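Chemist: Okay, here's the structure, questions in a sec.
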């Protein structure tokens, strides 16, 4: 079962990377709407779920899905408000925010790992 989850996670990651590439390089393909939507919905949610990994899994997934929708709606509203609508900029912004949350997760995990190591001694 673990192999199937890992394969599904890699497939989802590959699809998200493909969605970002399709949007940023303006590649025309019939899968374009699906791949870009998948990227915009999965990346922020996965980043938030990664930050909440120690919590209840269902609660973490719910908060991740809500955070993903909120982040996308706020980004779209800000782009419309400032009259700067650009799908490329939206995808790039979501990628940067997702990367920032990933760095936060790595820093947080590193801190907790050092704390647990000090307690074990």
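Chemist: Contact order normalised by length for the chain, with contacts defined as Cα pairs under 8 Å and 6 or more residues apart; what percent is it?
Modeler: Relative CO of the chain lands at 24 percent.
Chemist: Helix 57-81 sits at what angle to the longest principal axis of the chain, using alpha carbons and giving 0 to 90 degrees rounded to 10?
Modeler: 40 degrees
Chemist: Another one. Please give the FRET efficiency for residue 55 paired with residue 34, using the beta carbon to beta carbon distance and R0 = 30 Å, rounded to the nearest 0.05.
Modeler: Working: r = 30 Å, r/R0 = 1.00.
The formula returns an efficiency of 0.50 here.
Chemist: Let me ask you something else. Length gain on complete extension for the stretch residue 70 to residue 93, per 0.36 nm per residue less the alpha carbon to alpha carbon distance?
Modeler: Taking 0.36 nm per residue and subtracting the Cα distance, the gain is 6.9 nm.
Chemist: Also: Using only the alpha carbons of region 37-120, determine the length spanned along each of the three principal axes and report them from longest to shortest in whole angstroms.
Modeler: Its Cα atoms span 54, 23, 20 Å along the three principal axes.
Every number here is computed from the coordinates shown, using simple stated rules; none is lab data. The shown structure was predicted, so the numbers you read here are calculated from the model rather than taken from an experiment. So basically every Cβ, Gly included, is an ideal-geometry build from the backbone, and we count neighbours across all protein chains shown.
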